[in-house]
Amino acid sequence: MARDQRIEPADEMPDGYRRTMVRQIAQHAHSEIIGMQPEGEWITRAPTLRRKAILLAKVQDEAGHGLYLYSAAETLGADRGDLTRRLIDGKQKYSSIFNYPTRSFADVGVIGWLVDGAAICNQVPLCRSSYGPYARAMIRICKEESFHQRQGYELLMTMMHGTPRQREMVQDAVDRWWWPSLMMFGPPDAQSPNTAQSMAWKIKRHTNDELRQRFVDMTVPQAAALGVTLPDPALRWNEERGHHDFGQPDWDELKRVISGDGPMNRRRLDRRRRADEDGAWVRSAAAAHAVRTSRAAGPGTGGLDGEA
Ligand code: BYC
């Protein structure tokens, strides 16, 4: 670690490092999968074929991100089915941001711009995270997140050039998503129990507050170009610091949402539980098929790969 070399699956590692990596990667994977729901609700209501195609592609990308990340967790000895059970039983977390409702199509644009924008800010440094499989998964994820952010911004720009009602929808969505987006970076550093150890292990490369500041600095000029107001009266450029000053989100709200009491928590988990139950027969059929084909291919061949 001191030489900045990557830790790979077969390397020795302290139990605490392995536990922390499984915790973070699993939460991240759960966030990608649960994160399909708020935008997925708008696929059937997208206003044009072009918007529908873009949204479908984006939501499918999120599924792919979840799958790379579950695979990265498996390299640490975790079992994907077990991680899913822990999510459904409320024993593992997923990002607070996905516990808010999507009320209009402008929310799809704002999720792309602000939520994917925050995710990029957080994830670009994770490409240099110390655990090899996680860092490598993050490179591809970040490329796809850039497309997500751009499609959101382009959608909003189109609406801002539309009718007064469309501009109102965009401003309303920005007002609702701004503070929850800032909460995505986690609690303030002084209240973050994991940051110091994760920085020492080079899992995290920046603290929660550093990344939040970077996000605000990056977003303010984009908001001005769009013509929307960010709902924070304390937001202003600080010449001395060379950064924007900004207000604090409601940290009690973050605690409530993380502990299961957000506006959409129950619905998101119910839907995930139903999808897991509905898919059980597919998983058992695929497992039975893999056993049968590996037997037919004989010893030393690898299941479905052997068949290919
Ligand atoms: N929400 O000590 P801290 C996406 C938890 S999806 C929920 O600072 P840490 C997308 C934290 O886990 C991208 N929980 O923790 C998908 C810890 O709890 P435990 C999602 C949160 O780990 C679809 C406790 O609070 N991105 O982009 O050092 C559509 C104390 O926090 C939150 C990732 O998952 C939160 N916001 O730092 C569109 C990024 N914040 O586990 C878009 C990867 C904190 O001790 N994760 N907690 O019980 C990370 O970078 C870090 O885990 C965090 C937290 C910065 C989130």
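What follows is calculated from the coordinates using simple rules that are stated; it is not laboratory data. Please read all numbers here as calculations on a predicted model, not as lab measurements. As a convention, Cβ positions derive from the backbone with ideal geometry for all residues, glycine included, and neighbour counts pool all protein chains shown.
Mean silhouette area of the chain, derived from the convex hull of its C-alpha atoms and averaged over all directions, reads 18.8 nm².
Sites listed here are trypsin sites (Lys or Arg not before Pro) in the range 69-141 whose DSSP assignment is loop and whose Cβ has at most 12 other Cβ atoms within 10 Å: LYS91, ARG103.
Available extension along the chain between ASP82 and GLN191 is 36.3 nm, counting 0.36 nm per residue and deducting the alpha carbon span. The HN-Hα couplings worked out from phi for the range 161-171 by the Karplus form 6.51 cos²θ - 1.76 cosθ + 1.60 (θ = phi - 60°) are 8, x, 7, x, 5, 5, 5, 4, 4, 5, 4 Hz, whole numbers, x standing for Gly and Pro.
Taking amide H atoms as placed 1.01 Å from N in the peptide plane, the amide H of HIS243 lies under 5 Å from those of ASN238, each 5 or more residues away in sequence or on another chain. Ordering 163-176, 58-71, 222-235 by mean Cβ neighbour count within 10 Å, with the highest value first, yields 58-71, 163-176, 222-235.
Among the trypsin sites (Lys or Arg not before Pro) in the range 190-276, those placed in a DSSP loop whose Cβ has at most 15 other Cβ atoms within 10 Å are ARG241.
Working note: Karplus 6.51/-1.76/1.60 with θ = phi - 60° gives the range 59-66 the couplings 5, 5, 4, 5, 4, x, 4, x Hz, where Gly and Pro are set to x. Farthest towards the positive end of the charge dipole of the chain, among the residues HIS65, HIS289, ALA275, is the Cα of HIS289, using unit charges on the Cβ of Lys, Arg, Asp and Glu. How far is helix 15-34 tilted off the main Cα axis of the chain, in degrees rounded to 10, range 0 to 90? Between the helix axis and the principal axis of the chain, the angle is about 70 degrees. Once backbone amide H atoms are built at 1.01 Å from N, LEU235 has GLY247 as its partners under 5 Å, excluding neighbours fewer than 5 places away on the same chain. May I ask for the Rg/Rh ratio of the range 1-115, computed from Cα atoms with Rh as the Kirkwood radius, given to two decimals? Result for the range 1-115 is an Rg/Rh of 1.07. Length gained on full extension, LEU56 to GLU168: 37.8 nm, using 0.36 nm per residue less the C-alpha separation.
In terms of overall dimensions, the C-alpha atoms belonging to the range 141-270 reach 50, 48, 33 Å along their principal axes, ordered largest to smallest.
Give the residues of the range 199-214 whose amide nitrogen is closer than 19 Å to a point set 7 Å from the Cα of THR75 in the direction of its Cβ. Answer for the range 199-214: 201-205. The alpha carbon centroids of the range 9-87 and the range 228-289 are separated by 13 Å.
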